[in-house]
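This report refers to the structure that appears directly beneath it.
Please treat every number below as a calculation from the coordinates, not as lab data. What you see is a predicted model, and the numbers here were worked out from it, not measured in a lab. Neighbour counts run over all protein chains shown; Cβ positions are idealised from the backbone, glycine included.
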Amino acid sequence: MSLKRAKEVLEIEAAAIRNLISHLDDDFTRAVDVMAACEGRVIVAGMGKTGIVARKISATLSSTGTPSIYMHSAEAVHGDLGQVTREDVVIVISSSGETEETVRLLPLLKRIGCKTVAMTGGVHSSLAKHCDLVLNVGVKKEGCPLGLAPMASTTATLAMGDALAACLVDRKNFKREDFAFFHPGGNLGRRLLLTVEDIMRQGNNFAQVSETALVKDVLLAITRARCGSACVLDKKKKFIGIFTDGDLRRHLEEDTRVLQCKVAEVMTRNPLTISKDRLAAEAFALLMSKKVDELPVVDEKGILVGLLDVQDLLKAGLAR
């Protein structure tokens, strides 16, 4: 019985979203235009279950480049209306369009002079008649067995809000980097905002050796630095190459006396490098594509400033 009811509810709510497609009209296009041109904020008003949906729509708008706040319809007439200015756009949500607190709000919004958008299933309601634009989120049937609790209607309203937000992302040319700026604490923020300089090893935290150093001494320097390579510098401290575990293995197969060689004789010259201002995510992709574990970090003059190790990128969460 439970599975049957669950499937029925999901089918009702899925149908409610599909039916929204036929509801889209010129008012939707104009709503996107008005919101994109808004010089203030998009204020999303609702109460009860629609208030919860309004909060989510407002949060989605804010995180995708459209400044927005939520306003409780009833609290608005008890002081919160002071948040609204002429430059704002107010989306008012009410399933029936006749909610007393919502209807009471309308003449006050008109007096302020802001643009108003109704999101309602009552396309002939008081709310619809007194708003500049109307978005029809009406549903044929709720998922509630009693027909009382809003289910399909709140799902449809939420989906319409997502449709508005998605269109505004396109209209404003909102980028992944912009999204990351508003979400610096999340994984996407780490991936898109961290630079090589934020993660690279500096100073004594990576091995730097002279070109005249013997390989056996270079190995000690690598061990002390706890990394898998050493950056090689010439007499003028200029970066000229890298010596890695792979270089050691290859040369040991050819000649076991390699430990007594100068590192300049067996190092990799002109290795892959990266600048410190490149994105860490970009560096990680480069390491993976080239199948190397370390990247020397150099400035615009080719001077060594650090070392980027794949393990440090993994610790920073770049692989998740």
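Here are the numbers for the structure shown:
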{"quantity": "Folded to 0 to 90 degrees: helix 26-36 orientation relative to the chain principal axis, Cα", "calculated": "50"}
{"quantity": "Ranked packing of 77-87, 26-36, most packed first, by mean Cβ within 10 Å", "calculated": "26-36, 77-87"}
{"quantity": "Geometric extent, Cα atoms of the chain - Rg, Dmax (angstrom)", "calculated": "30.4, 91"}
{"quantity": "The stretch 1-44 and the stretch 78-99: distance between their alpha carbon centers, rounded to Å", "calculated": "19"}
{"quantity": "The chain, helix-only ellipticity at 222 nm - DSSP H runs n ≥ 4, -39,500 (n - 2.57), divided by all residues, nearest 500", "calculated": "-14000 deg cm²/dmol"}
{"quantity": "Dipole moment magnitude, nearest 20 debye, the chain about Cα centre, only Lys, Arg, Asp, Glu C-beta charged", "calculated": "480"}
{"quantity": "Share antiparallel - DSSP beta bridges, the stretch 196-315, percent rounded to 5", "calculated": "75"}
{"quantity": "Percentage relative contact order, the stretch 196-315, counting C-alpha pairs under 8 Å, at least six apart", "calculated": "30"}
{"quantity": "Efficiency of FRET from Cβ geometry, residue 18 and residue 273, R₀ 51 Å, rounded to 0.05", "calculated": "0.45"}
{"quantity": "Shape call, the stretch 224-320: gyration tensor on alpha carbons, a/c limit 1.5", "calculated": "oblate"}
{"quantity": "Peptides ranked, highest mean first, by Cβ atoms within 10 Å: ranges 7-20, 209-222", "calculated": "209-222, 7-20"}
{"quantity": "Estimated FRET transfer efficiency (residue 111, residue 30; beta-carbon r; R0 30 Å; 0.05)", "calculated": "0.85"}
{"quantity": "Amide H contacts under 5 Å for residue 92, placed H, 5+ residues apart", "calculated": "45, 117, 118, 119"}
